[in-house]
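Here is the structure we will look at.
The values are calculated or read from the model by the stated rules, or taken from the named source; none is laboratory data. Note that this is a predicted model, so its numbers are computed, not measured. A quick note on method: Cβ atoms are made from the backbone with ideal geometry, for glycine too, and the neighbour counts reach across all protein chains shown.
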Amino acid sequence: MVKIAINGLKIRFWRSMVTASGIILGIAFLAYVSTNLISSGAATADQRARMIWLVVMSLLVSTVGIVNSMLMSVTERFREIGTMKCLGAPDGFVVSLFVVEAVFVGSAASVGGWFLGYVGAVFQKACAIGFGPAFASVGATHSAELAGGCVLVGILITLIATIAPAERAAAMPAAAALRTEV
Amino acid sequence: MAATEYIVRTKDVMKEFKMGQEVLRALNGVSVDIKRGEYISIMGPSGSGKSTLFNAIGGLDKPDSGSVFINDVDMAQLDSNELAFLRCHTIGYIFQTFNLITVMTALENVRLPTIFAGMNSDEGTDRGIELLELVGLGHRLHHKPSELSGGQQQRVAIARALANNPSIILADEPTGNLDSKTGTEIIELLRRLNKESGVTVISATHDYKMLDVSDRIIWIRDGKIDKIENRADLDIQLGGMAGQEGH
């Protein structure tokens, strides 16, 4: 099954990249802002609240983007899903196929996004205090837990966005799935 | 007679489709009994409901009323996992449009149902190779569907349908997208499998070449059974017509 999922990703590489870029940007922003939040301990509560609000909004937007992209990816594969169901694939298999794909895309994109956010934070600091101190400063505040958290959030968002369309497709009667022309 | 003599039985199957305001009754009380090992053709003009009947027998669509029994099991009583199990082990499907998974090779396509049946990788590969050789494609194992001709794709689909040793093969216009010569080859292949392994073949079609090999022909018109003919009777009929022409 994992092999089928990877194969599916390879064939639809660019579509996966679009999905991934949504996650990358969302998580990059999360990583960047959370680094700043911690390092700028002096910020007022009001400023912090605004930052958190921004992050939540950006994550919401990227979730909607991923849902959209996943809906497309499921819809264009209705026939494939119908065929698999005819051959005796249980509904659970169809769902897990998409979940495995989502975990792959989600984790790769989240790691990429975190890296982008981290680099962004370092660069911003570097403009003010130079590269050496910037690395030290960001490195000190940006803990491994924070990085792990960012990646986890990314995977979670992808999963949430995937499960609904996948369940819907899997629950379709096979004949209806086969009739669809895309 | 043992009850298991009939592999497929349908009773008063009714199915309606809504088309805007109008309700179209695609099937209007169809009852047929199909014996194990028979080669059945469901004939009828397009729109007569033969594909709908096909879908109902295959458990791909639920009828609005009436029941379909496969091996004396009422399909309406099965939940989605039991239906999947039935589709996996008892029924093999062949389609007009082949419906191969385009991103997989011939062998991977044939292997797919064995994965659903829980067969391990080596066994499944052996089975796939054996089946592809059976349908005469032993030299095309690693070709993608796009690299195969229509007839070859349909052969792969037949091999795939046979993967888990089903007792029924359901074919929906298997020759519809093929030229006449290739169509004949596919029909002969189906007939050979029917004779050799005793698998029941049920095929919805409007290809008259199918008549020659069928044991019985079910004619469908306007969602109802028009008539059911045995091939023996049909021969006499055709002979009679030929005789009349001679006069």
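Name the residues in segment B:44-61 that are assigned to a loop (DSSP other than H, G, I, E, B) and under 19 Å from B:His89 (Cα atoms), would you?
B:Gly58, B:Gly59, B:Leu60, B:Asp61
Listed residues A:Val64, A:Val111, A:Val100; which is closer than 30 Å to B:Ile94 by Cα, of a type outside the set (Phe, Trp, Tyr) and at pLDDT 85 or above?
A:Val100
Considering only segment B:96-108, state which residues are more than 9 Å from chain A (Cβ to nearest Cβ) and either closer than 16 Å to B:Ile169 by Cα or in a helix (DSSP H, G or I) (or both).
B:Gln96, B:Phe98, B:Ala106, B:Leu107, listed by residue number.
If I ask for residues that are out of contact with any helix residue (DSSP H, G or I) (no Cβ under 7 Å at 6 or more places or on another chain) and of a type outside the set (A, V, I, L, M), which ones from segment A:13-29 would you list?
Residues satisfying the conditions are A:Phe13, A:Trp14, A:Ser21.
Within segment A:115-132, can one find any residue that is within 14 Å of chain B (Cβ to nearest Cβ), within 26 Å of A:Met17 (Cβ to Cβ) and surrounded by fewer than 20 Cβ atoms within 10 Å (Cβ to Cβ)?
Checked segment A:115-132: no residue is within 14 Å of chain B (Cβ to nearest Cβ), within 26 Å of A:Met17 (Cβ to Cβ) and surrounded by fewer than 20 Cβ atoms within 10 Å (Cβ to Cβ).
When you scan segment B:109-118, how many residues do you find that are more than 8 Å from every other protein chain (Cβ to nearest Cβ) and either surrounded by fewer than 20 Cβ atoms within 10 Å (Cβ to Cβ) or touching a residue at least 60 places away in the same chain (Cβ under 8 Å) (or both)?
Total satisfying the criteria: 1.
Those residues that are on the phi > 0 side of the Ramachandran plot and touching a strand residue (DSSP E or B) at 6+ places or on another chain (Cβ under 7 Å), I need them from segment B:151-187; list them, please.
B:Glu173
Name the one entry in A:Val94, A:Val100 that is within 17 Å of A:Met17 (Cα to Cα) and either more than 13 Å from chain B (Cβ to nearest Cβ) or crowded, with 16+ Cβ neighbours inside 10 Å (or both).
That would be A:Val100, the only listed residue that is within 17 Å of A:Met17 (Cα to Cα) and either more than 13 Å from chain B (Cβ to nearest Cβ) or crowded, with 16+ Cβ neighbours inside 10 Å (or both).
Note down all Cβ pairs under 8 Å where the first residue falls in segment A:69-90 and is without any contact (Cβ under 8 Å) to a residue 24 or more places away in the chain, the second is hydroxyl-bearing (Ser, Thr, Tyr) and surrounded by fewer than 24 Cβ atoms within 10 Å (Cβ to Cβ), and they're at least six residues apart or on different chains.
What qualifies is A:Pro90/B:Ser80.
Just checking, does segment A:34-46 include any residue being within 14 Å of chain B (Cβ to nearest Cβ) and either over 28 Å from A:Pro173 (Cα atoms) or at pLDDT 85 or above (or both)?
No, every residue in segment A:34-46 fails to be within 14 Å of chain B (Cβ to nearest Cβ) and either over 28 Å from A:Pro173 (Cα atoms) or at pLDDT 85 or above (or both).
Determine, yes or no, whether B:Gly58 is at the interface with another protein chain (Cβ under 9 Å from one of its Cβ atoms), at pLDDT below 90 and crowded, with 21+ Cβ neighbours inside 10 Å.
yes
Working only within segment B:64-82, note down all residues that are touching a helix residue (DSSP H, G or I) at 6+ places or on another chain (Cβ under 6 Å) and not acidic (Asp, Glu).
B:Ser67, B:Val68, B:Ser80
Only one of these conditions is not met by B:Tyr93: (1) surrounded by fewer than 23 Cβ atoms within 10 Å (Cβ to Cβ); (2) facing chain A (nearest Cβ under 8 Å); (3) at pLDDT 90 or above; (4) closer than 19 Å to B:Ile34 by Cβ. Which number is it?
(1)
With the requirement that a residue be within 12 Å of chain B (Cβ to nearest Cβ) and not polar (S, T, N, Q), what does segment A:1-30 give you?
If the condition is that a residue be within 12 Å of chain B (Cβ to nearest Cβ) and not polar (S, T, N, Q), then A:Met1, A:Val2, A:Lys3, A:Ile4, A:Ala5, A:Ile6, A:Gly8, A:Leu9, A:Lys10, A:Ile11, A:Arg12, A:Phe13 are the ones that fit.
Tally time: how many residues in segment B:119-158 are within 11 Å of chain A (Cβ to nearest Cβ), more than 19 Å from B:Glu185 (Cα to Cα) and part of a helix (DSSP H, G or I)?
Selection size over segment B:119-158: 1.
Need a quick list: strands (runs of 3 or more DSSP E) entirely within segment B:170-247 having at least 3 residues that are modelled with pLDDT under 90 and surrounded by fewer than 17 Cβ atoms within 10 Å (Cβ to Cβ).
Because the criterion is at least 3 residues that are modelled with pLDDT under 90 and surrounded by fewer than 17 Cβ atoms within 10 Å (Cβ to Cβ), the strands (runs of 3 or more DSSP E) in segment B:170-247 that meet it are B:224-230.
Any residue at all in segment B:77-89 that's more than 8 Å from every other protein chain (Cβ to nearest Cβ), in contact (Cβ under 8 Å) with a residue 12 or more places away in the chain and touching a Ser or Thr at 6+ places or on another chain (Cβ under 9 Å)?
Checked segment B:77-89: no residue is more than 8 Å from every other protein chain (Cβ to nearest Cβ), in contact (Cβ under 8 Å) with a residue 12 or more places away in the chain and touching a Ser or Thr at 6+ places or on another chain (Cβ under 9 Å).
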